Amino acid sequence: MKKTILTILSLLLLTSVSHGMGSAPGTPEVLDVSVEYLGSIGYAGSGDGEFYFPRDVYASIRGDLSTAVGDVFVADTGNERIERLNPKGEFEYQFGGFGSSLGKFNTPRSIAVDFNYVIYVCDTDNDRIQKFDIRGNPLGEFGTLEVSGKYVKEPGGIALDVLGYVYVTDSGNDRILKFTDYGAFLTSFGGFGWGDGFFDNPKDIAVDDGRNIYVADTDNNRIQKLDEYGMPIFVVGEAGKGESQFKNPAGIAVGRKLLYVADTGNDRIQVFDKKGNFLLAFGSSGSGKSEFNAPHGISLGDKEVIFVADTNNHRVQIFRVSY
């Protein structure tokens, strides 16, 4: 099994990264980072275990009474449904279908699962977030009422913090929204712009254990890190193909030490430390192993296994990162 290995030196200089609020990048930790291809699941189709332009994936790190640790939820966007597969990639069940009534979807784009095994889905073109129990039975919806003078428009990404609060990229309004797990609106921050703390079509969001927020600021071709109140910590990236450069990044995940970005337009994954220092890029355009065609969602499973929604290849690819 082929591995890509990159040693990160403590003297690494980042010449192509911009950092918000005039701050310099933090001193990078010395890490030997390796990426191992583990396999892929799914292929084009509408049957059980098949996908059509999947936009997101969520890897469970907990089991419940009926399913195992490591089960995978896929936002099978083109088929207007959510699929759940076991750790072997075998189909378990699905729910959804096209429509606007409760339990139906119009472009489901992002998915998250909380500690109570409640599933949250960004039902993007229905301009709402839907909640389901672990078997896919509808529990309700939110985001359909006016929030801070605007209606939620094309929610693109969703994430939960350690306290159970729900963060949503309100992509059509270029802002981030925060809700309780019951869907009660708490606050918003951002707005259209190019400065620190502003966004242009943000597509995905992740929250770490310290409740820091990471946003794929897609049409600004960068990643932003903010504190839990929405205050900028740093900005990484600019348009391009080099290290720490992006072309419409649309997926993001954060672990204990590392930050993973689906660099969608460049058909690759970039890896950073949590201070914004570039560590590694892997992947290239294509349909073979470790190749991508417009990767979107990315999820971190147990033991630093990452799952990537390889959207235009109609599959999910799986890798293990070691450091």
Condition set closer than 18 Å to residue 253 by Cβ and hydrophobic (A, V, I, L, M, F, W, C), scope the range 153-169, selection most open to solvent (accessible area, probe 1.4 Å): answer is 162
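So, residue 74, is that one over 14 Å from residue 60 (Cα atoms), open to solvent by less than 30 Å² (accessible area, probe 1.4 Å), among the hydrophobic types (A, V, I, L, M, F, W, C) and at pLDDT 95 or above or not? Give the derivation first.
Details: over 14 Å from residue 60 (Cα atoms): no; open to solvent by less than 30 Å² (accessible area, probe 1.4 Å): yes; among the hydrophobic types (A, V, I, L, M, F, W, C): yes; at pLDDT 95 or above: yes.
No: the conditions fail for residue 74.
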Condition first: open to solvent by less than 70 Å² (accessible area, probe 1.4 Å), in a loop (DSSP other than H, G, I, E, B) and more than 24 Å from residue 306 (Cα to Cα). Now tell me which residues in the range 81-100 satisfy that. 97, 99
Say we look at the range 132-152 and pick out the residues that are over 23 Å from residue 97 (Cα atoms) and outside any loop (DSSP other than H, G, I, E, B); which of these is least open to solvent (accessible area, probe 1.4 Å)? 147
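Looking at 111, 176, can you tell me which residue is within 20 Å of residue 199 (Cβ to Cβ), of a type in the set (A, V, I, L, M, F, W, C) and crowded, with 19+ Cβ neighbours inside 10 Å? Spell out how you get there, then give the answer.
Working: 111 fails: within 20 Å of residue 199 (Cβ to Cβ).
Only one candidate qualifies: 176.
How many residues are outside any strand (DSSP E or B), under 20 Å from residue 176 (Cβ atoms) and open to solvent by less than 60 Å² (accessible area, probe 1.4 Å) if we restrict to the range 114-131?
As a first pass, look at the range 114-131 and keep what is outside any strand (DSSP E or B): 114-118, 124-127.
Imposing the further condition that a residue be under 20 Å from residue 176 (Cβ atoms) reduces the set to 114, 124-127.
Narrowing further to those that are open to solvent by less than 60 Å² (accessible area, probe 1.4 Å): 114, 124, 126-127.
Of the residues in the range 114-131, 4 are outside any strand (DSSP E or B), under 20 Å from residue 176 (Cβ atoms) and open to solvent by less than 60 Å² (accessible area, probe 1.4 Å).
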Of all the residues that make up the range 304-313, how many are buried (at least 23 other Cβ atoms within 10 Å of the Cβ) and either part of a strand (DSSP E or B) or among the aliphatic types (A, V, I, L, M) (or both)? 5
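Can you list the strands (runs of 3 or more DSSP E) lying wholly within the range 248-303 that have 1 or more residues being of a type in the set (Lys, Arg) and over 12 Å from residue 223 (Cα atoms)?
Working: elements: 251-254, 258-263, 268-273, 278-282, 295-300.
Those strands (runs of 3 or more DSSP E) span 268-273.
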Pairs please, first residue from the range 261-289 and among the hydroxyl-bearing types (Ser, Thr, Tyr) and surrounded by fewer than 20 Cβ atoms within 10 Å (Cβ to Cβ), second anywhere and assigned to a loop (DSSP other than H, G, I, E, B) and modelled with pLDDT of 95 or more, Cβ atoms under 7 Å, 6+ apart in sequence or on different chains. 284/267; 285/267; 285/293; 287/293
Could you identify the single residue in 206, 216 that is within 22 Å of residue 126 (Cβ to Cβ) and in contact with a strand residue (DSSP E or B) (Cβ under 9 Å, 6 or more places away or on another chain)? 216
Among the numbered criteria (1) closer than 21 Å to residue 160 by Cα; (2) within 16 Å of the chain's Cα centre (by Cα), which one does residue 303 miss? (2)
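Here's the yes/no breakdown for (1) more than 19 Å from the chain's Cα centre (by Cα); (2) in a strand (DSSP E or B):
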site: 156; (1), (2): no, yes
site: 167; (1), (2): no, yes
site: 172; (1), (2): no, no
site: 176; (1), (2): no, yes
site: 182; (1), (2): yes, no
site: 196; (1), (2): yes, no
site: 201; (1), (2): no, no
site: 205; (1), (2): no, yes
Residues of the range 213-247 that turn out to be closer than 28 Å to residue 293 by Cβ, outside any strand (DSSP E or B) and not basic (Lys, Arg), as a count: 11
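The values are calculated or read from the model by the stated rules, or taken from the named source; none is laboratory data. This structure is a prediction, so every number in the text was calculated from the model and none was measured. Positions of Cβ are generated from backbone atoms using ideal geometry, with glycine treated the same way; all protein chains shown enter the neighbour counts. Note: areas computed on protein heavy atoms with side chains; ligands, DNA, RNA excluded. Shrake-Rupley method; radii C 1.70, N 1.55, O 1.52, S 1.80 Å.
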